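Single-structure report; data block below.
What follows draws every value from the coordinates through simple rules; no lab data is involved. Just so you know, these numbers come straight off a predicted model, no measurement behind them. With ideal geometry, Cβ positions are generated from the backbone for all residues, glycine too; neighbour counts draw on all protein chains shown.
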Amino acid sequence: MSPAQPPDTGLPGVVGAGIRIATIPHRDPYVDAVVPDGVERVARDAVVGPWRDVASLAEHTRDVDVVHLHAGYGYLDDAVVEAWAEELQRLGVPLVVTVHQLSGPAGSGGPPDRALAAVLSTAEVVLTLTPGAADDIAERYGRTAIVVAHPSLCAPDPELGAERGLVGIRIGPASAAVPDPVALVRAALSGAVSGGGRLRVLVEEAEVPALDPAVVELAADGQLELVRFGVAGWPAQLQQLHVAVLPERCGTHSRDLEICRDVGTRVVAPSCGWFGHQWSDVVSYGNDERDGFDAVSLAGAIGAALARPMPRPADRAWRAEQSAAVRQVHAEVYAQVAADRSWS
């Protein structure tokens with residue numbers, strides 16, 4: 001970004017105040033946590049809206065100062081994403097991109113490489129969450145990314161305790177991100193039992209009917225506990241654990257890891273991403289697209305995690321300061337790109 005003064009917002013001392021931003025997605029816990037005070041969030045259709053539709057961008061150009069893309073384009077055809085990014089650039093609407101996931105197979109929720117390349121090539125500013133991801137972005141796409149910490153997403157429930165030795169893993173039907181959930185469950189069970197603990201398999205209520213029968217059978221035999229949960233109760237489920245296992249073989253950063261950090265649950269994370277850069281106090285195991293899943297390493301990682309004490313919940317004052325700093329970075333970015341647009 002070229003040096004510039006932020007536009008006159010009429011609110012002295014509030015960087016970026018009055019700037020109109022459209023975030024994609026419009027509502028999301030992470031997005032809500034990083035949007036700075038004073039900016040105006042342009043809200044139309046919260047599900048899709050005009051900002052992801054190439055055909056409607058031109059008629060809404062004057063309604064927004066900055067478009068900030070976080071997610072919600074991984075399922076779109078590459079050519080559609082390319083056309084969308086090029087149309088924003090043609091219209092002179094500044095695009096800010098936060099790279100949460102660098103890549104992922106079809107159906108995993110991660111953006112395809114060509115689509116990510118398209119939005120990064122036209123973005124005014126690129127943000128990401130870890131130094132490792134920033135290095136990858138520089139090497140693969142030739143863009144410098146500003147590293148901002150992942151903010152706090154929840155506070156621990158003071159009425160809810162954790163069980164020492166309780167290992168939890170969230171499993172659903174087989175998917176591109178978790179192609180063999182039964183193998184993961186069996187390895188996690190081995191690690192939990194060997195470490196003197198027990199295993200709880202967490203299944204979202206809507207996914208219970210599609211769960212592999214082998215997992216249900218293990219629960220029926222009393223070898224593990226099967227717990228159904230609703231989305232709203234997810235942080236509470238994580239808080240009850242000593243160790244939480246992240247099962248996906250593809251990914252860059254994890255929202256669940258940050259929830260565990262907030263509530264004081266140790267994390268066993270796959271080797272595919274930059275989870276150790278997100279939070280240094282994690283235990284890694286082998287699970288990525290290149291080398292596949294290493295069941296022995298997962299069992300060993302769980303045993304090592306159980307041998308460690310449960311971490312304390314993140315200090316709330318420190319997390320509040322961190323979140324304020326993240327919002328300040330966003331405010332400065334929005335002010336800068338909006339100023340560049342108004343003077344171009």
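Listing Cys272, Cys260, Cys154 from fewest to most neighbouring C-beta atoms within 10 Å gives Cys154, Cys272, Cys260. A Förster radius of 51 Å, combined with the Cβ-Cβ distance separating Val296 from Asp37, puts the computed FRET efficiency at roughly 0.55. Restricting to the chain, compute how many DSSP beta bridges are antiparallel as a %, nearest 5. For the chain, the DSSP antiparallel bridge percentage is about 5.
Calculate, for Arg312 and Arg198, the FRET efficiency according to 1/(1 + (r/R0)^6) with r their C-beta to C-beta distance and R0 25 Å; round to the nearest 0.05.
Values: r = 23 Å, r/R0 = 0.91.
E(calc), rounded to 0.05, equals 0.65.
What does the C-alpha gyration tensor say about the overall shape of the stretch 139-197? Classify as rounded when a/c is under 1.5, otherwise prolate if a/b is larger than b/c, or oblate. Oblate is the answer for the stretch 139-197, as a/c is 1.5 or above yet b/c matches or exceeds a/b. Ranked by the mean number of other Cβ atoms within 10 Å of their residues, highest first, the peptides 304-313, 85-94, 262-271 fall in the order 262-271, 85-94, 304-313. Given axes a ≥ b ≥ c from the Cα gyration tensor, I'd like to know whether the stretch 166-307 is rounded (a/c under 1.5), prolate (a/b larger than b/c) or oblate. Verdict is rounded for the stretch 166-307. Its relative contact order, with pairs defined as Cα atoms under 8 Å and 6+ residues apart, puts the chain at 19 percent. Listed values for the stretch 310-324 are Karplus-derived 3J(HN,Hα) couplings in whole Hz (6.51 cos²θ - 1.76 cosθ + 1.60, θ = phi - 60°), namely 5, x, 6, x, 4, 4, 5, 5, 5, 5, 5, 5, 4, 5, 5, and x replaces Gly and Pro. Amide hydrogen proximity for Arg20: with H placed 1.01 Å from N in the peptide plane, the residues at 5 or more positions away or on another chain lying under 5 Å are Glu40, Asp65, Val66.
Along the Cα-to-Cβ line of Ala155, 7 Å from the Cα, sits a label point; which residues in the stretch 305-344 have backbone N less than 20 Å from it? Only 312-327 fall inside the zone, counting backbone N under 20 Å. The length gained on full extension between Val147 and Val208, counted as 0.36 nm times the residue separation minus their Cα-Cα distance, comes to 18.2 nm. Computed from the C-beta positions of Arg114 and Ala58 and an R0 of 30 Å, the FRET efficiency is 0.80 to the nearest 0.05.
Within the stretch 147-187, what residues put their amide N at less than 19 Å from the label point 7 Å along the Cα-to-Cβ vector of Val216? Answer for this model: 170-175, 180-186. Can you bin the stretch 294-339 into rounded, prolate or oblate? Criterion: square roots of the alpha carbon gyration tensor eigenvalues sorted a ≥ b ≥ c, rounded for a/c under 1.5, prolate for a/b above b/c, oblate for the rest. Oblate is the answer for the stretch 294-339, as a/c is 1.5 or above yet b/c matches or exceeds a/b.
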